[in-house]
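A short write-up of the structure that comes next.
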Amino acid sequence: MDKLTIVIIAYILIAIILILIALLIIKKKKIKAYKNEIEILDKKKNEIESAPVISELAKLETIVKNEKMEEKYKKWFNTFEDIKSKDIPRINDMIIDLDSLLDKKEYKEYVINVAKVELEIYKARGATDNLLDEIKEINLSEEKYRKIITKLKTRYRELNDIFNSKKKEYEQIANPIELQFENIEKLFQDFEYYMEQNDYQEVYHIVKGIDKMIDHMGIVIEEVPDLVLLANRLIPKKIEQITEVYGEMKAKKFPLKHLKIEYNVEESLKNVNKILDRIKVLNLENCMFELKTMLEYLDSLFDEFELERQAKKSYEENKEIFDNKLEKTTTVVNDTYLQMDDIKNMYDLNDNDIKSIDVINEKTKALNDEYKALLKSAPRKKTPYTQLSIDIENFIRRLKEIEDELDIALKNLGNLYDDEVRAREQLDEIQELLKQSKAKIRSYKLPIISDNYFVELQEANEAILEVIKELERKPIVIKTLNTRVDTARDLVLKLFNTTNEMVKTARLAEYSIVYGNRYRSKNVNIDSGLNQAQMLFYKGNYKKSLEVTLTTLERVDNGIRRRVNDIYEKNN
């Protein structure tokens with residue numbers, strides 16, 4: 001056998017010996033761990049056995065003054081005795097068995113029994129803890145309930161002091177509140193009685209009742225003065241004012257039957273009395289809501305009265321305007337209709353032109369008949385002025401439609417009206433262009449719009465008004481009208497171009513600043529330049545803001561001008 005073989009065999013033997021030693025060490029550590037586990041279980045068993053149940057029961061002996069408490073005392077004592085005499089010995093035997101299993105090296109059986117011991121300890125511990133909690137609850141009840149009742153008494157005195165300090169504000173509700181305070185005081189006395197008897201179950205209900213009553217009294221003390229003020233002062237005063245105004249308006253022949261004032265006032269007074277009855281028994285549920293709703297309704301009646309006054313004024317004013325316009329329109333329609341033969345001889349009229357005049361004539365007659373019927377019904381004072389005002393406004397609208405139709409018909413009576421028609425069409429185009437300009441300037445919320453822009457806007461509006469005046473003038477001077485139209489078109493186009501340029505420049509400036517924000521953290525100069533551009537932008541200097549932004553960003557992006565323009569075109 002050569003030396004190499006001997007060396008190999010030696011190494012193998014050493015390795016085997018080391019493995020055996022390691023296994024032995026592991027086994028010893030495992031057994032030690034098992035032993036520690038048994039010690040821990042034994043310690044937990046001893047803790048259960050030494051739980052301070054008996055000492056807590058001893059404290060309880062001094063307060064056992066009734067049959068219920070004595071019954072509970074015996075039950076708790078017997079339960080703990082059962083744990084000590086039955087559960088603890090059984091657990092102790094199971095722990096001894098664990099030692100025996102270790103000695104026999106029955107480790108698998110040992111692990112199973114450890115789980116059983118832990119379960120038994122858990123059950124015994126839970127039962128003991130529950131006993132302690134129940135006993136301590138009784139031992140600590142007096143201190144706990146004393147603390148609670150002390151706080152409740154403090155709150156009670158505070159509420160009583162508040163009530164007595166402004167007792168007059170509670171008016172007829174003061175007596176019920178005093179009675180309720182007396183009821184709470186009696187409960188405080190009941191609390192003391194049952195505390196002496198150590199009847200903590202009854203004490204619990206008394207404390208809960210006192211707490212609930214004091215919470216309710218807090219609401220009562222806070223809300224009743226306002227409720228009394230609403231029910232006894234504000235609402236009756238409001239009803240008195242409404243009745244007075246209603247009488248005055250009836251004397252002036254205002255038709256107010258639709259408001260049902262007498263019925264609603266009577267119902268309001270009934271409801272106030274019902275609410276007061278509920279307040280007297282301290283039932284405040286929904287009282288504030290109902291009274292405020294009632295007050296809002298009464299306030300709304302003043303609005304209705306004012307609406308009737310305004311409607312009467314509007315009706316009388318519109319009636320006068322309508323009378324004048326109807327008379328003028330009727331005269332024009334009648335004159336036109338009577339002169340149709342002469343007009344037909346003067347102009348090349350088609351059947352549609354003649355028919356339109358017939359239709360306008362019929363509509364005018366129908367409007368006159370309906371208006372006469374309205375005038376007959378108005379003196380009867382059955383229709384409210386709010387309705388009469390609406391009716392007269394409808395008549396005015398229909399008259400306006402007739403006037404518009406008449407204007408169109410008269411314009412179509414010959415070549416004499418061609419220039420006027422073109423002028424009206426151009427006026428619509430100009431107004432639409434102006435509308436687009438206004439819409440565009442509104443759609444992009446600029447921080448500042450320059451005074452020059454408003455000057456241009458005013459000039460454009462005034463020019464359009466001049467065109468409208470010329471179109472409304474009879475007879476129309478066509479040469480002047482055309483001049484007005486040309487001027488208005490030029491000014492509106494100028495405004496339109498200014499609007500587009502301003503919005504485009506502002507958007508480009510904004511896009512540039514937003515685009516440049518990505519470079520702020522990389523370059524202090526960029527950040528400073530963009531801040532300056534933002535200041536210029538919010539001052540309304542959009543062109544300068546754009547130039548500063550682009551000049552700043554060109555330091556890091558040579559193609560910024562083209563890129564910003566591309567972004568703008570893409571978004572528009």
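Side notes on the structure shown:
- Flag: Glu429 matches the condition of being loosely packed, with under 15 Cβ neighbours inside 10 Å, part of a helix (DSSP H, G or I) and among the charged types (D, E, K, R).
- Residue within the stretch 89-104 that is over 60 Å from the mean Cα position of the chain (by Cα), within 19 Å of Asp129 (Cβ to Cβ), modelled with pLDDT of 70 or more and crowded, with 17+ Cβ neighbours inside 10 Å present: yes
- Subset of the stretch 239-256 (residues that are loosely packed, with under 12 Cβ neighbours inside 10 Å and not small (Gly, Ala, Ser)): Glu240, Glu244, Glu248, Lys252, Lys253
- Residue check, Lys116 surrounded by 12 or more Cβ atoms within 10 Å (Cβ to Cβ), within 60 Å of the chain's Cα centre (by Cα) and at pLDDT 70 or above: yes
- The lone exception for Lys260 - which of (1) under 33 Å from the mean Cα position of the chain (by Cα); (2) without any contact (Cβ under 8 Å) to a residue 60 or more places away in the chain; (3) on the phi > 0 side of the Ramachandran plot it fails: (1)
- Within the stretch 540-554, at least one residue is in contact with a helix residue (DSSP H, G or I) (Cβ under 7 Å, 6 or more places away or on another chain), assigned to a loop (DSSP other than H, G, I, E, B) and either assigned by TED's automatic domain parsing to the domain that holds Gln458 or farther than 30 Å from Asn461 by Cα (or both).
- Pair list, Cβ < 9 Å and 6+ apart or interchain, from the stretch 220-236 residues that are free of Cβ contacts under 8 Å to residues at least 24 places away in the same chain to residues that are surrounded by fewer than 18 Cβ atoms within 10 Å (Cβ to Cβ): Glu222/Ile162
Results for (1) in a loop (DSSP other than H, G, I, E, B); (2) without any contact (Cβ under 8 Å) to a residue 40 or more places away in the chain, shown as yes or no for each residue.
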{"residue": "Pro255", "(1), (2)": "yes, no"}
{"residue": "Asn271", "(1), (2)": "no, yes"}
{"residue": "Asp277", "(1), (2)": "no, yes"}
{"residue": "Lys292", "(1), (2)": "no, no"}
{"residue": "Leu298", "(1), (2)": "no, no"}
{"residue": "Asp303", "(1), (2)": "no, yes"}
{"residue": "Glu308", "(1), (2)": "no, no"}
{"residue": "Asn324", "(1), (2)": "no, yes"}
{"residue": "Thr330", "(1), (2)": "no, yes"}
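- Any hit, the stretch 469-480, residues being out of contact with any strand residue (DSSP E or B) (no Cβ under 7 Å at 6 or more places or on another chain) and modelled with pLDDT of 80 or more: yes
- Subset tally (residues that are of a type in the set (Asp, Glu) and not in a helix (DSSP H, G or I)) for the stretch 279-290: 1
- Hey, Lys479 outside any helix (DSSP H, G or I), free of Cβ contacts under 8 Å to residues at least 12 places away in the same chain and either not acidic (Asp, Glu) or not assigned by TED's automatic domain parsing to the domain that holds Arg562 (or both) or not: no
The values are calculated or read from the model by the stated rules, or taken from the named source; none is laboratory data. A quick note: this is a predicted structure, and the numbers were derived from the prediction, not measured. Cβ coordinates were reconstructed from backbone atoms using ideal geometry, including for glycine residues, and neighbour counts include every protein chain displayed.
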